[in-house]
Amino acid sequence: MSPNTSRDAGQAHLDTYLHQIQRHLGGLPDAEARETIAELRSHVLDKVAGDHSVRAIEAAIEELGSPREVARLNVTERVAAELETNRSPWRVLSAIGRLASLSAYGVFAFLVSFSGYAFAAACLITAAVKPFNPRRAGLWRQSEDSYSWMLGVTDHTQTGRELLGWWIVPIGLGLGLLLGWLTWRFGIFSVRRMRRTARGGRA
């Protein structure tokens, strides 16, 4: 095999590997995905030090790991680094959403976070609306012989019984703020956990 042919074969092998990585970079914007691929290409080419044969390229990419592992590590590292500069609840939820496709734990963390924020918001909204529309806001039990409950603001008050009365204001505010904070902390913990897992190369 001529040097040029060997070089072309090595480049084709690297291109295939990088394309497989790019398929798993869905958690990154296009610009960041392209930047990641460019950095990985540069890393491999620096590693082989001018020897672009298939054997040298294979040895270099074997050290990096499988395309899925490399993609998961890069996405997680970038998302976690961004989170260190802005830890607002929306940014934390967005970060978990970007990582959700990378692992089963990511899906679990996103579902827990989304549910936690949704319930916290329902508590806060109900508490805020209660003083202005006391007949429609509260915690409702749909009927005496039912275990169906509803928290929030409703037009169908005649079909249920409001349980807490004005207690929904302090309870809703306290519970909403506490649950929102706990959900926020869980989100940060989850991103850090996924980062450690990606670094360790575990599934």
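A few notes on this one:
- Most to least packed among 86-94, 70-78, 100-108 [average Cβ atoms within 10 Å]: 70-78, 100-108, 86-94
- CD proxy at 222 nm, helix term only [per DSSP H run n ≥ 4: -39500 (n - 2.57); per residue of the chain; nearest 500]: -23500 deg cm²/dmol
- Cut-off under 5 Å, modelled amide H: who pairs with L151 long-range: W140
- The gain in end-to-end length when the R91 to R161 segment is fully stretched comes to 21.4 nm, 0.36 nm per residue minus the alpha carbon separation.
- Computed from phi, the 3J(HN,Hα) profile of region 100-109 under the Karplus parametrisation 6.51, -1.76, 1.60 (θ = phi - 60°) reads 4, 7, 8, 6, 5, 5, x, 5, 4, 4 Hz, with x in place of Gly and Pro.
- Net charge, I61 excluded, C-beta distance under 12 Å - Lys, Arg +1, Asp, Glu -1: -2
- Annotation: amide H-H contacts under 5 Å for L164 (H modelled 1.01 Å from N, sequence separation of 5 or more, or interchain): L139.
- Here the residues M150, M194, ranked from fewest to most Cβ neighbours within 10 Å of their Cβ, fall in the order M150, M194.
- Listed values (1) 40; (2) 58; (3) 35, entry calculated as percent of Cα pairs over 24 Å apart: (2)
- Over all orientations, region 42-155 has a Cα convex hull whose mean projected area works out to 11.7 square nanometres.
- Residue order, fewest to most beta carbons within 10 Å, for L64, L182: L182, L64
- The spacing between region 169-203 and region 48-84, judged by their C-alpha centroids, is 29 Å.
- Ordered by the number of other Cβ atoms lying within 10 Å of each residue's own Cβ, fewest first, T16, T85, T36 fall into the sequence T85, T16, T36.
- J(HN,Hα) series, region 10-19, from Karplus relation 6.51 cos²θ - 1.76 cosθ + 1.60, nearest Hz, glycine and proline x: x, 5, 5, 5, 5, 4, 5, 4, 5, 5
Readers should treat all values here as calculations from the given coordinates under stated rules, not as data from a laboratory. Keep in mind that this is a model prediction, so the values were computed, not measured. With ideal geometry, Cβ positions are generated from the backbone for all residues, glycine too; neighbour counts draw on all protein chains shown.
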